[in-house]
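Visitor: Please read through the structure below; I'll follow up with questions.
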Amino acid sequence: MSDPWTNQTATGVHRVARNLKPAMLAEQTATLLKDGFRLRLVAAHDDGDTLRVVYLFLAGSPDRRIELHVTLPADDPVLPSLASMSFPASRFEREMHDLFGIVPLNHPKPRRLVRHAHWPAGWYPMRHNAGAPPPFADTEAYPFLAVVGDGVYEIPVGPVHAGVIEPGHFRLSVVGETILKLKARLWFTHRGVEKLFEGLEATGAIHLAERISGDTSAAHALAHSLAVEDALGITMAEPAHRLRALILELERLYNHAADVGALANDVGFSLANAHALRIREELMRINNATTGHRLLRGAISPGAVQLLTLPDPAQLAELAEDLAEIAQLTLDNSVIRDRFTGTAVLTREQAHDLGCLGYVARASGLATDARIEHPTCDLPVTPLTKTGGDVLARFTQRVDEFAASTQLASHLINTADLLTFRGSPAQGPAAHHRQDGTRSGVGIVEGWRGTIVHRVEVDPHGRLTRVKIVDPSWFNWPALPLVLSGTIVPDFPVTNKSFNLSYAGNDL
């Protein structure tokens, strides 16, 4: 048997691309999964007469990135399904089916994922010839699984919620107060973000990247910038990477502070929430002084990073002490600790099989962190994990990460070189070009929710032809219905908050 990797090309930092025939896909995927790689992104591309699918597998420590490329005829795009060996693959395949019309052969659940009922059958919006959106049409009902039996009833929640929460529909099948099944239906905020990137200047689309998910502006900006820099062969100095890392820690701090308070609030401890929001407000004022924007926008862009000033480490330390005290007061309340303990447990095995990321995975014992696995600079980061996998573990995980992030931010501040940094073209070989002159790049960042991956392709004129975005919420959303099975209805809001997943980052 010939070597399957003879058609292999180095293509960017730590990354190789392997061109496969569809029949080889399952075998090579199984080999990569066995070797410790995880599927983190699948991107379909419309190349005219053909469609191309890129599977990005990642492994860390050391940083390894392998892409499998499969080309299909545009008039009959059929792929063997990988659903039997990878749950994330099953969802990526359903997404490709909805948006590109690529059929995953023998998929166990090939029904719609992204496309709601008003999208007519046969219209694939990511195809170049898709045209304008057709008129809305109620073409089919959403196939919710009906749970029947004595005393079983349904509680629908959303998609319109009280306050300013984003839209998502949750259907709870309940007997008494026990949740038998929860079905989450998303994509009410599907905005066609990936399509909006097409044709934009590669170095001038940061405004769109910052708005993928508003509370994760900096991390998505950095993932996008790293991908563009990888594609264009732009290098950034070590001090610049460290300033970028500082910005991400500031984003982690204000979000974790808000979640600690919100979890306390969901079990009736509004006083803790008020003080946590005070801390969040102080952190957002620090953000504004540091970058000129409360959500840290404008500081990171392809080939550049710029800060106005540096935060005061003493102020950050004081806020960390405040948050630790608030968390301790919350858990000293025996009623609250009891509500958190043993509620909505996600086991380590479940987190691994679903591909969970960030604090959700770490609270279940999975030590995954892109700052260690795919670093841009040398950072003193030690992954913090819990073993409980319950609401208590996800709460204390946030508290511990807040303290660790404060220490890391202070270290970066004390060693920072506060200048305006701009990158320069890489020395040595140019970035890899496809035969048509297109270059590709990948950016991987540990956002506050978990690992974010962007993959871009840039044409010879410097314009984006394809941008694929994977927010950690894509991987974590399926865990929420799983952990709620067997809990009680009042557990739903506090469990939902303990995950705190992004609708916008998932829906795109």
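Visitor: So, in Å, what gap is there between the alpha-carbon centers of region 254-301 and region 50-73?
Guide: 37 Å
Visitor: With both partners inside the chain, how many of the DSSP beta bridges are antiparallel, as a percent to the nearest 5?
Guide: Of those bridges, close to 85 percent are antiparallel.
Visitor: What relative contact order, as a whole-number percentage, does region 8-105 give when Cα pairs under 8 Å and 6 or more residues apart are counted?
Guide: Relative contact order here is 26 percent.
Visitor: Oh, and also: Give me the net charge of Leu408's neighbourhood, meaning all other residues with Cβ under 14 Å from the Cβ of Leu408; Lys, Arg count +1, Asp, Glu -1.
Guide: Within the 14 Å Cβ shell, the charges total -3.
Visitor: Rank-order 219-226, 395-402, 98-105 by packing density, defined as the average count of other C-beta atoms within 10 Å over each peptide's residues, highest first.
Guide: For the peptides 219-226, 395-402, 98-105, the packing ranking is 219-226, 395-402, 98-105.
Visitor: How do His118, His374, His293 rank when sorted from fewest to most other Cβ atoms within 10 Å of their own Cβ?
Guide: Ascending Cβ contact count within 10 Å gives the list His118, His293, His374.
Visitor: What full-extension length gain, to one decimal in nm, is calculated for Glu177 and Arg191 as 0.36 nm per residue of separation minus the Cα-Cα distance?
Guide: Here the answer is 1.4 nm.
Visitor: Now for a different question. Along Cα→Cβ, 7 Å out, is where each label goes; now give me the distance between the ones at Ala324 and Lys34 in nm to one decimal.
Guide: 4.7 nm
Visitor: Whole-Hz Karplus ³J(HN,Hα) for region 385-396, in order, using 6.51 cos²θ - 1.76 cosθ + 1.60 and θ = phi - 60°, x for Gly and Pro?
Guide: Computed from phi, the couplings for region 385-396 are 9, 10, 10, x, x, 9, 4, 4, 5, 5, 5, 5 Hz.
Visitor: As a footprinting exposure proxy, order Thr290, Thr216 by other Cβ within 10 Å, with the fewest listed first.
Guide: Taking fewest neighbouring Cβ atoms as first place, the list is Thr290, Thr216.
Visitor: Ok, one more. Calculate how many DSSP beta bridges within region 8-105 are antiparallel, expressed in % of all such bridges and rounded to the nearest 5.
Guide: The antiparallel fraction comes to roughly 70 percent.
Visitor: Does the chain come out rounded, prolate or oblate, given a ≥ b ≥ c as the square roots of the eigenvalues of its C-alpha gyration tensor, rounded meaning a/c under 1.5 and, failing that, prolate meaning a/b above b/c?
Guide: oblate
Visitor: Given points 7 Å out from each Cα along the Cα-Cβ axis, report the Phe144 to Thr235 separation in nanometres with one decimal.
Guide: 5.7 nm
Visitor: Additional query: For the chain, what is the mean residue ellipticity at 222 nm derived from helices alone (per DSSP H run of n ≥ 4: -39500 (n - 2.57); sum divided by total residues; nearest 500 deg cm²/dmol)?
Guide: That calculation yields -11500 deg cm²/dmol at 222 nm.
Visitor: Determine the sum of side-chain charges near Leu182: Lys and Arg each +1, Asp and Glu each -1, restricted to other residues whose C-beta is under 14 angstrom from that of Leu182.
Guide: The answer is +1.
Visitor: Return the lysines within reach of Lys195: Cα separation strictly under 23 angstrom, same-chain partners fewer than 8 residues apart disregarded; answer none if there are no such residues.
Guide: Lys468
Visitor: On to the next question. Karplus couplings for region 282-292 from phi (6.51 cos²θ - 1.76 cosθ + 1.60, θ = phi - 60°), rounded to Hz, Gly and Pro as x?
Guide: 5, 5, 5, 5, 5, 4, 5, 5, 7, 10, x
Visitor: On to the next question. Over region 115-219, what relative contact order in percent results from Cα pairs under 8 Å that are six or more residues apart?
Guide: 16 percent
Visitor: How high is the relative contact order of the chain, given as a whole-number percent (alpha carbon pairs under 8 Å, six or more residues apart)?
Guide: 18 percent
Visitor: Show me 149-162, 188-201 ranked by packing, highest mean number of other Cβ atoms within 10 Å first.
Guide: Per-residue Cβ counts within 10 Å, averaged per peptide and sorted highest first, yield 188-201, 149-162.
Visitor: In whole Hz and in residue order, list the ³J(HN,Hα) couplings for region 95-102 that follow from phi through the Karplus curve 6.51 cos²θ - 1.76 cosθ + 1.60, θ = phi - 60°; x for Gly and Pro.
Guide: Each residue of region 95-102 in turn: 5, 4, 4, 5, 8, 10, x, 7 Hz.
Visitor: Then there's this: For Asp47, which sequence-distant residues (separation of 5 or more, or a different chain) have an amide H within less than 5 Å of its own amide H, given hydrogens modelled in the peptide plane?
Guide: It is Arg52, by chain and number.
Each value in this text was obtained by applying a stated rule to the coordinates, not by laboratory testing. All values reported here derive from a predicted model rather than from experimental measurement. Cβ coordinates were reconstructed from backbone atoms using ideal geometry, including for glycine residues, and neighbour counts include every protein chain displayed.
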